[in-house]
Amino acid sequence: MSALSHITLGTNDSERAGRFYDAVLGVLGFDRLAKPAGAPPAYERDGRMPTIYIYTPEDGRPATWGNGTHVAFVAETREQVHRFHELALQHGGMDEGQPGPRPHYGDTYYAAYVRDPDGNKLQAVCYATG
């Protein structure tokens, strides 16, 4: 079992967030979980935790992002890193770092950074060579 149960990211528009995450997490092998109509989007890869939940805040205040925080998703290939970045931008995301090597993090560290439409910072990282 994973050491993490779930990750929750805030949104101010669940439908928009669902379209964004269907694309960017889909390219990384995540599936949207079947939920009742009106339930917030949730995703898992291979039916395993951690589950990624996209919620509007329970306290009724607007969702905001944390400065200095982000969620990094493992990509199996460098091509997936590129598609993650490309799909994020096509679905209302913002560029925070083009796909490419990050040798200061490791010899095979290849990543891209984006912000979702609500400002949450996301990363796709591939550790495979070539």
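General observations
- Per-bin percent of Cα-Cα distances, segment 17-57 [5 Å]: 5, 26, 34, 24, 9, 1
- Backbone HN-Hα couplings from phi across segment 39-45 [Karplus 6.51/-1.76/1.60, Hz, Gly and Pro as x]: 6, x, x, 9, 9, 9, 10
- Crossing angle, helix 14-26 versus the chain [Cα axis fit, 0-90 degrees, rounded to tens]: 30
- The accessible surface of the chain, taken with every protein chain in place and a 1.4 Å probe, is 50 percent carbon and sulfur.
- Rolling a 1.4 Å probe across the protein heavy atoms gives the chain an accessible surface of 56 Å² per residue.
- Over the chain: Rg over Rh, Cα atoms, Kirkwood Rh: 0.96
- Heavy-atom SASA rank of TYR110, TYR53 (probe 1.4 Å, accessible area, largest first): TYR53, TYR110
- Taking the Cα centre of the chain as reference, the dipole from Cβ charges on Lys and Arg (+1) and Asp and Glu (-1) amounts to some 60 debye.
The values are calculated or read from the model by the stated rules, or taken from the named source; none is laboratory data. Owing to the predicted nature of the structure, the values given are computational and were not obtained by experimental measurement. Neighbour counts run over all protein chains shown; Cβ positions are idealised from the backbone, glycine included. All accessible areas refer to the heavy atoms of the entire protein, side chains included, with ligands and DNA or RNA removed. Shrake-Rupley method; radii C 1.70, N 1.55, O 1.52, S 1.80 Å.
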